[in-house]
1. Filter the range 122-148 for residues that are part of a helix (DSSP H, G or I) and without any contact (Cβ under 8 Å) to a residue 40 or more places away in the chain; which is farthest from residue 71 (Cα to Cα)?
2. What number goes with the only condition from (1) within 28 Å of residue 133 (Cα to Cα); (2) within 23 Å of the chain's Cα centre (by Cα); (3) surrounded by fewer than 19 Cβ atoms within 10 Å (Cβ to Cβ) that residue 264 does not pass?
3. Quick one: in the range 160-172, which of the residues that are at pLDDT 90 or above and assigned to a loop (DSSP other than H, G, I, E, B) is surrounded by the fewest Cβ atoms within 10 Å (Cβ to Cβ)?
4. Go through (1) surrounded by fewer than 21 Cβ atoms within 10 Å (Cβ to Cβ); (2) under 22 Å from residue 233 (Cβ atoms) and name the single condition residue 59 misses.
5. Take the range 132-159 and flag every residue that is closer than 20 Å to residue 206 by Cα and surrounded by 14 or more Cβ atoms within 10 Å (Cβ to Cβ).
6. Can you go through 242, 321, 325, 234 and tell me which one is assigned by TED's automatic domain parsing to the domain that holds residue 111, over 23 Å from residue 32 (Cβ atoms) and surrounded by fewer than 16 Cβ atoms within 10 Å (Cβ to Cβ)?
7. Mind listing just one residue for me: the one in the range 223-238 that is in a helix (DSSP H, G or I) and over 19 Å from the mean Cα position of the chain (by Cα) and, of those, nearest to residue 109 (Cα to Cα)?
């Protein structure tokens, strides 16, 4: 069966301020590769499986020009624009309605635009397995990540019976640390990576059954997008359906969810420092991550467990324990004349 890809690229990347801004969020930035943005890397890694002519980008209206600039080979009518953010379920249906203009049925791969995959060959093998299973078993398949730590920042999926492809028992919210430790100990849980594979017809049936109001509106008139409920595909479909399967994957996945994740991607020195600026001096400093523009020397002394980010117009110095609170900085900036830095 023919395969198309829906790339989710509407996020604002708020946890990557000050590099990620309203006008150019994380997925359009070159975080892990100096020459390719996250979305460019995402598209490139799936090209062996999906033709460029069958890739659709789901994004915000504000980012249309960025998509054109960074992905000039994407067809104009394959850039699907959300007038407002309504989470993943409405966005995926917008993509499905666009695909229906060309295909009556097709395999669909839904991927986030801002994840890092180290072993791309293994990743494509997993996607191919998922595609084949979804086509032959009337099912929706998601990709799980074998956990390496009791991470409280991810949702979890409990796996049931099966060999390479396992029946999903349940989806679990981001857990408290003790519960995450228990999940890891049990060995039947994987991280939810937000990747989905299904046939167009199967997802249509699921949307009709579990999100009937949304389907009724969008299948007839996508211009009424503002009327639908904001809901994730996990809440709206995956947690309710009984034909959900999961393939656990080990292909060097990282969602690069915060500045702290950079030390998982790049090498650290003997003191645990991740120094990503051309000219950097770190004296008596441990566990420090520095990301600069490579235009200035950045020097530290006596710092521990700190992230320093320098952009053309802003500098952030933050304790790693506070990385989850970066949105508080954005909130403060939005109160007055400093909103130009958002």
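The values are calculated or read from the model by the stated rules, or taken from the named source; none is laboratory data. Bear in mind that the values here come from a model prediction, so they are computed numbers and not experimental data. Ideal geometry is used to build each Cβ from the backbone, glycine not excepted, and the neighbour counts take in all protein chains shown.
1. Narrowing the range 122-148 to residues part of a helix (DSSP H, G or I): 122-136.
Next, from what is left, pick out any that are without any contact (Cβ under 8 Å) to a residue 40 or more places away in the chain: 125, 132, 136.
Working: 125: 25, 132: 28, 136: 33 Å.
Looking at the filtered set, the residue picked out is 136.
2. (1)
3. Residues of the range 160-172 that are at pLDDT 90 or above, as a first pass: 160, 164-172.
Remaining after also requiring assigned to a loop (DSSP other than H, G, I, E, B): 164-165.
Numbers: 164: 10, 165: 18.
In this case the residue turns out to be 164.
4. (1)
5. Step one: filter the range 132-159 for residues closer than 20 Å to residue 206 by Cα, giving 132-143, 157.
Within the range 132-159, 132, 133, 134, 135, 139, 140, 141, 142, 143, 157 meet the criteria.
6. Values: 321 fails: assigned by TED's automatic domain parsing to the domain that holds residue 111; 325 fails: assigned by TED's automatic domain parsing to the domain that holds residue 111; 234 fails: surrounded by fewer than 16 Cβ atoms within 10 Å (Cβ to Cβ).
It is 242.
7. Here is the first cut: in the range 223-238, the ones in a helix (DSSP H, G or I) are 223-227, 233-238.
Those left that are additionally over 19 Å from the mean Cα position of the chain (by Cα): 223-227.
On the way: 223: 24, 224: 25, 225: 22, 226: 25, 227: 26 Å.
Ranking the candidates gives 225 first.
Rundown of residues vs (1) in contact (Cβ under 8 Å) with a residue 12 or more places away in the chain; (2) more than 19 Å from residue 194 (Cβ to Cβ), yes/no style:
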| residue | (1), (2) |
| --- | --- |
| 225 | yes, yes |
| 230 | yes, no |
| 246 | yes, no |
| 261 | no, no |
| 274 | yes, yes |
| 283 | yes, yes |
